[in-house]
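FYI, it's all coordinate maths here, none of it is from the lab. What you are looking at is a predicted structure, and each value in this text was computed from that prediction instead of being measured. Glycine gets a Cβ as well: all are built from the backbone with ideal geometry, and neighbour counts include every protein chain shown.
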Amino acid sequence: MTNPAQYPGAPAPAPRSGAGFSMSLADLLVAAGSLLVFFFSFAPLYSTPSFLGQGGNSVNSWSDFAPLSTWPVLAALLAIGTSVVSAWWPKDKQYVGFTRGQISVGLTLFVWVTMLGFWFTDYGVGGAFDFGWGGVIMVLGATVAAVGAILGHLGMLQNQILPPKPGGGAPAVGYQPPAGYQASPGYQAPQGYQAPGQQYAPPPGQTMPANPYPPAGQQPPSDTIV
């Protein structure tokens with residue numbers, strides 16, 4: 001490939017494209033905990049115990065309490081998004097006045113506080129419904145996500161999970177000269193030129209005298225090449 005430094009004003013080589021997706025441990029905790037909240041939102045949020053072999057009733061986050069119970073689920077999905085875009089959104093870069101870490105902390109804390117509120121809420125006549133096993137797992141997932149977001153915002157757990165492969169991505173492409181361009185020839189030394197320390201060679205057709213440099217005080221012969 002042609003060296004772009006040979007052409008004045010040539011643009012610098014294009015940078016390598018993204019070598020691969022990577023995610024810090026803190027972002028992984030946020031994504032994993034938020035996924036638990038989403039998946040188990042279809043499990044029983046509240047349930048009644050079985051009685052005399054009869055199955056109990058249950059409700060999930062998408063039924064009786066909707067849309068209130070769907071808000072933490074939607075916030076969990078947004079928290080997953082803040083972790084996925086970590087490869088393109090640096091942690092300290094602000095958009096609309098907020099960094100990615102601040103948004104992640106706000107979303108995960110909202111999910112955690114809201115799920116705790118459901119846990120301590122009595123549902124049904126006389127509290128006939130208990131907090132379901134799906135709700136318990138959602139609280140655990142929200143706790144994991146909130147801890148990961150807070151620690152990541154504080155600069156902890158930043159070691160990369162599945163780091164990008166070295167040398168990945170498209171190869172850099174340097175400056176290409178226009179079609180038909182021919183590089184100018186380099187400097188050519190005069191014929192007969194010898195580097196310092198080497199014996200002088202006269203041009204073709206001339207001879208070097210046996211002693212071209214006479215003693216001090218004498219004139220060199222007229223045909224001597226000095």
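Quick notes on this one:
- For Gln160, no residue has an amide H sitting under 5 Å from its own, ignoring neighbours fewer than 5 places away on the same chain, with H placed 1.01 Å from N.
- Förster radius 41 Å - calculated FRET efficiency between Trp133 and Asp92, Cβ distance, rounded to 0.05: 0.55
- Order of Thr108, Thr143 under a 10 Å beta carbon neighbour criterion, fewest first: Thr143, Thr108
- Sequence-ordered 3J(HN,Hα) estimates for the stretch 101-114 from the Karplus curve with 6.51, -1.76 and 1.60 and θ = phi - 60° stand at x, 5, 5, 4, 5, x, 5, 5, 5, 4, 4, 5, 5, 5 Hz, glycine and proline given as x.
- Sparse packing (at most 12 other Cβ atoms within 10 Å of the Cβ) combined with a DSSP loop state is found for the following trypsin sites (Lys or Arg not before Pro) in the stretch 43-112: Lys93.
- With R₀ set to 45 Å, the beta-carbon distance separating Gln102 from Ala66 gives a calculated FRET efficiency near 0.95.
- Charged neighbours of Ala79, selected by a Cβ distance under 15 Å, balance to +1 (K, R count +1; D, E count -1).
- Ranking of Val139, Val37 by neighbouring Cβ atoms within 10 Å, starting from the fewest: Val139, Val37.
- Other residues within the sphere of radius under 15 Å centred on the Cβ of Pro44, judged by their own Cβ, net out at -2 (K and R +1, D and E -1).
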